[in-house]
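Let me begin by presenting the structure, written as structure tokens, before commenting on it.
The values are calculated or read from the model by the stated rules, or taken from the named source; none is laboratory data. Computed from a prediction, not measured in an experiment: that's the story for all the values here. Reconstructed Cβ throughout: ideal geometry from the backbone, glycine too, with neighbour counts over all protein chains shown. Accessible surface areas use protein heavy atoms only, side chains included; no ligands, DNA or RNA. Shrake-Rupley method; radii C 1.70, N 1.55, O 1.52, S 1.80 Å.
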Amino acid sequence: MRAALALAALLAIPAHADPVAAIEGVYKQRHVIEPASENRQIETEDIVEIVRYDDAHVYVRARLWFHDGSVCGISGIAGRE
């Protein structure tokens, strides 16, 4: 969710401003999950990193945990159009 908001903010920034500076950083959120295979709660941390690659691109990496213990990750270079 935070990654989507950060990327949406990138699109809303005026062209003359530095769009990368507005969203660059590491975003973390801790929360509790309850995996189906275990009878206990586990504290996890979602992480989204946005790092300047060059003047027009950013490197994005995300690792997200879901309530049932599933995990999803994505990474790559994103550019503004």
- Task: Would you please name the residue that is surrounded by the fewest Cβ atoms within 10 Å (Cβ to Cβ), looking only at residues in the stretch 54-81 that are over 16 Å from the mean Cα position of the chain (by Cα) and of a type outside the set (Lys, Arg)?
- Result: GLU81
- The one condition in (1) modelled with pLDDT under 95; (2) of a type in the set (Lys, Arg); (3) touching a strand residue (DSSP E or B) at 6+ places or on another chain (Cβ under 8 Å) that ARG40 fails to fulfil: (3)
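I'm checking my understanding of the structure. Among residues of the stretch 29-53 that are assigned to a strand (DSSP E or B) and touching a Ser or Thr at 6+ places or on another chain (Cβ under 9 Å), which one is least open to solvent (accessible area, probe 1.4 Å)?
ILE33
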